[in-house]
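The values are calculated or read from the model by the stated rules, or taken from the named source; none is laboratory data. Here the structure is a predicted model, which is why all the values come from computation and not from measurement. Cβ placement follows ideal geometry from the backbone for every residue including glycine, while neighbour counts extend to all protein chains displayed. Keep in mind that these areas ignore ligands, DNA and RNA; they rest on the heavy atoms of the full protein, side chains included. Shrake-Rupley method; radii C 1.70, N 1.55, O 1.52, S 1.80 Å.
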Amino acid sequence: MDNNPSNYFQQDENQIDIKQEIKKYFRFWPWFLFAIGLSFSIAYVYLRFSPRIYQTSTKIKILDESDGLELPSSAFVFKRSNINLENEIEILTSYNIIEQVVRELKLNTIFQQEGQIQTTLIAQLPFQFDQHVESDSIPSNLQFEILVNEKDFEVRDVKTSQIELFENHDSYSRTHNLPFDIKLKNTSLLNSLVGNKYIVRFTPLKSETLRLKSKVKIEPIGEQSDLLKLTINSESTQWSENVLNTLVRVFDEDGINDKKQVSISTLDFIDNRFNILAKKLDSIEVNKKDFKQDNNLVFLPSDAELGLQKRTQSEDELFRIENQIELTKLVKNALDDIENQSGLLPSNVGIENGSINELIGQYNTAVLDHDKYVTSGGANNPMVQQLKATISDLRNNITKSIESYSNQLNLSRKQLSVRNSIFRGEIGSFPEKEKELREIERQQNIQESLYLLLLQKREEAAINIANTGHSVKVVEKALSGSGPISPKSNIVYAAALLGGLLIPFGIFYLIFMLDTKVHDKKDIENAVRNVPIIGQIPEVKEKVKLVFENPSDRSILAESFRILSSNVRYVLPRKDSDDGQVIFCTSTIKGEGKTYVSINLSLALSSLNKKVLLIGADLRNPQIHSYSTKDKNAAGLSNYLHDFDLDWKGMLIKGFKNHQTHDVLLSGSIPPNPAHLLTNGRFETLIKEAKGIYDYIIVDTAPTILVTDTMLISHLADTNVYIVKANFTEKSLLEFSKELNETGKLKNMAYVVNSVGSSKSRGYGYNYGYGYGYSEES
């Protein structure tokens, strides 16, 4: 309710009343409270029965193979790693690596423990389990349920529903068709296992590999770091730790195998080359041996030196022999010169024949003795004759020895000449032989150097295989968090609280968005900015108290109409004369309460000791009579307008006994032509006469949207009170009343909101319609 003048109700066009918006939703606080309680209940059930998911992580460092083996590069200077972490991440999550992990851990064999509410993943069964089927030999999904009874294992094939019983909890005791065997070794665990049901699922290798591939998450730690963090989320921490540790080990072994493969390939290549080089070396050495044998070579430099020495010696020997020949000629010539006379022969001239030198010595001695005896004894001395014979014999012997020695020297000279020719030929062929030998030795040296190089590389490759370093360094082994990452109770309850608020908020927001009804003055203010709202009439639950009968009434209804009557006087124009003022009460459609407001407004003005006339001008659907004891067809306005002989004053009634200054002119009989009657001049005359008698004339007119009755007489009104019913009138209809005001068809218009607060659901379930029971044409 409003006590302020009309302009007080005007709102700034851009102003948003946040308080009003909050209050609009706060009216439905029980629904919000119920939604929050329901959300918290759902959250509790979710937290109670949802599986606990734990996060397991490990940290590794990718090792750089080039560390310490090369000069600092630009990457080193600018603190950038040579390792491409994106490539390493792709390798870590590659299908081949993940598949190897699945094979090694047999991850496509899944163990679960079935509880009363949920089934939990476990890393292994609490009893011995031996799988007989290979990981890659599982074509489709298989599932078996193992129930631990007090005396046996009950195994059921879920697919075929076939049940196998194994007494004494041992499947090895008899033959069966199951792809596994189970046995309870530790009987002390039996009491804790009895009644438990375990599920064994076999899945195809590919599907399990792809599932694990999607679960493993890898990300680098920092932008300039060589560290990677591997994480996986699962119900079983032991399962997750086994997976991550195995994944790191498989990745490391894969890198080691890659490095070893290079060395192994190198070894294979070297071994193949060894065979080829060995054959080549053997061939070269055989050629070298044959060449040396064919050319009588041992060592070419020494052989050449020896040849030169032999040649020199041979030449020296030849020179010596020729010298001896000349000496023998000299001796022979000397011997010939003294053939007819005695004389001495030259001795010690260099002849190397000892017998000749001895004979010459004997000859010279004999000659000297001869000459000595000739001088002392004469020529006929017997000694002289004997010495002559000796000298003659010695001469002959010397001559023969010289001839023999000369022949020997000539033969030796001839042999030496031949040998010198041979030596000269051999020495002349040494450069060519040296060239050929060096070519052979060059090939031998090349093959030997290759052989030695490959032998060195072979040893290096063997050492690399034996000492191949790791590809990764485990910085932190797989560790699981102490608490689950999902579900987190604080987040779940916060989400429940948020959902408990947002869901009803969203529903009500959608309802408000789709709501097309007018609910209070705010809706009118938002649609029509320049028309005042002079009152808000509350909804009255008790239909018997709809009329302001008691002038002293202090009810909410009475007070609201007193406020309305006060605000009406603010919007009425001021007049210099004492004539009464005319107030039209109209609405857009039927059912908005214009008659109800007209009656109570007139009674409120009457309670102020003002003379008030209430006229029922809605000739098509009169309703004022329903608030009195008069019949619908009692004489009234239509009769007066039709019959020029009737006086309207004679048709007035006192409809409310407690309001003595209040008169009512009913609508009268329903005419076929109300528009014609209202414009024949009689109604205008009535208003003029009434203004001279009454302080206020309240006219209950027809709705404006389908008929023109109100528009035909609107010029007679001092103000037009336009009734809008909360939770009933469509917001789109406000445009029609706005247009009436802007075009001047209804002057000095003011709104009254009727039935405010009639429904906390803001009017859903209402419909409206307008009909008068006869056509507009009639």
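Give the residue, chosen from LEU734, LEU712, that is closer than 15 Å to VAL752 by Cβ and either in a helix (DSSP H, G or I) or of a type in the set (Asp, Glu) (or both). Outline the logic, then answer.
Numbers: LEU712 fails: closer than 15 Å to VAL752 by Cβ.
Unique residue meeting the criteria: LEU734.
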Show the residue pairs meeting these rules: Cβ distance below 9 Å; 6+ apart or different chains; first residue within region 359-379 and over 30 Å from TYR405 (Cα atoms); second residue open to solvent by 20 Å² or more (accessible area, probe 1.4 Å) and assigned to a loop (DSSP other than H, G, I, E, B). TYR373/ASN381; VAL374/SER342; VAL374/ASN381
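Looking for something more than 60 Å from the chain's Cα centre (by Cα), at pLDDT 85 or above and open to solvent by 10 Å² or more (accessible area, probe 1.4 Å) - is there at least one such residue anywhere in region 544-554? First the steps, then the outcome.
In the first step, residues of region 544-554 are kept if they are more than 60 Å from the chain's Cα centre (by Cα); the result is 544-554.
Filter once more, so that each one left must be at pLDDT 85 or above: none.
Among the residues of region 544-554, not one is more than 60 Å from the chain's Cα centre (by Cα), at pLDDT 85 or above and open to solvent by 10 Å² or more (accessible area, probe 1.4 Å), which makes the answer no.
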For region 492-527, name all the residues that are buried (at least 16 other Cβ atoms within 10 Å of the Cβ), among the aliphatic types (A, V, I, L, M) and under 22 Å from LYS725 (Cβ atoms). VAL518, ILE524, ALA527
Considering only residues that are among the small types (Gly, Ala, Ser) and at pLDDT 65 or above, which ones fall in region 272-311? ALA278, SER283
Flagged in region 458-480 as open to solvent by 90 Å² or more (accessible area, probe 1.4 Å) and closer than 17 Å to PHE274 by Cβ, in numbering order, are GLU459
Filtering region 351-405 down to residues that are touching a His at 6+ places or on another chain (Cβ under 7 Å) and open to solvent by 30 Å² or more (accessible area, probe 1.4 Å) yields LYS388
Residues within region 486-525 that are touching a residue at least 40 places away in the same chain (Cβ under 8 Å) and under 30 Å from MET749 (Cα atoms), tallied: 12
Check on LYS731, of a type in the set (Lys, Arg) and either in contact with a Pro (Cβ under 9 Å, 6 or more places away or on another chain) or at pLDDT below 90 (or both): yes
Please go through region 665-688 and pick out each residue that is touching a residue at least 60 places away in the same chain (Cβ under 8 Å) and open to solvent by less than 50 Å² (accessible area, probe 1.4 Å). LEU678, PHE683, LEU686, ILE687
Residue hits (region 674-689; small (Gly, Ala, Ser) and within 22 Å of TYR722 (Cα to Cα)) are ALA675
Checklist (1) over 24 Å from GLN112 (Cβ atoms); (2) polar (S, T, N, Q); (3) in contact with a Ser or Thr (Cβ under 9 Å, 6 or more places away or on another chain); (4) open to solvent by 50 Å² or more (accessible area, probe 1.4 Å) applied to GLN238, failing item: (1)
Taking region 555-590 as the search range and keeping residues that are under 16 Å from LEU746 (Cα atoms) and part of a helix (DSSP H, G or I), which one is least open to solvent (accessible area, probe 1.4 Å)? VAL568
Does VAL518 fit the bill of being touching a Phe, Trp or Tyr at 6+ places or on another chain (Cβ under 8 Å) and modelled with pLDDT of 90 or more? no
Where a residue in region 178-199 is under 23 Å from GLN116 (Cα atoms) and modelled with pLDDT of 90 or more and its partner, wherever it lies, is of a type in the set (Asp, Glu) and exposed (fewer than 15 other Cβ atoms within 10 Å of the Cβ), with Cβ under 6 Å and at least six apart: VAL194/GLU150
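Go through SER214, SER173, SER192 for me and flag whichever is open to solvent by 30 Å² or more (accessible area, probe 1.4 Å), within 18 Å of LEU121 (Cα to Cα) and among the small types (Gly, Ala, Ser).
Details: SER173 fails: within 18 Å of LEU121 (Cα to Cα); SER192 fails: within 18 Å of LEU121 (Cα to Cα).
Going through SER214, SER173, SER192 in turn, the sole match is SER214.
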Starting from residues that are among the small types (Gly, Ala, Ser) and part of a loop (DSSP other than H, G, I, E, B), keep the ones in region 602-620 and report whichever is nearest to PHE683 (Cα to Cα). ALA617
Condition first: assigned to a loop (DSSP other than H, G, I, E, B) and at pLDDT below 90. Can you find one or more residues in region 690-702 that meet it? no
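Do we have PHE269 as modelled with pLDDT under 95, within 21 Å of the chain's Cα centre (by Cα) and either outside any strand (DSSP E or B) or of a type in the set (A, V, I, L, M, F, W, C) (or both) here? Even if it seems obvious, please write down each step before you answer.
Numbers: modelled with pLDDT under 95: yes; within 21 Å of the chain's Cα centre (by Cα): no; either outside any strand (DSSP E or B) or of a type in the set (A, V, I, L, M, F, W, C) (or both): yes.
Judged against the criteria, PHE269 is not a match.
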Please specify each residue of region 451-477 satisfying the condition of being closer than 13 Å to LYS259 by Cβ and modelled with pLDDT of 85 or more. VAL472
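Say we look at region 689-705 and pick out the residues that are open to solvent by 10 Å² or more (accessible area, probe 1.4 Å) and out of contact with any Gly (no Cβ under 9 Å at 6 or more places or on another chain); which of these is nearest to ILE589 (Cα to Cα)?
Residues of region 689-705 that are open to solvent by 10 Å² or more (accessible area, probe 1.4 Å), as a first pass: 689, 691-696, 705.
Of the ones still in play, those that are also out of contact with any Gly (no Cβ under 9 Å at 6 or more places or on another chain) are 689, 705.
On the way: GLU689: 30, ILE705: 6 Å.
Filtering first and then ranking leaves ILE705.
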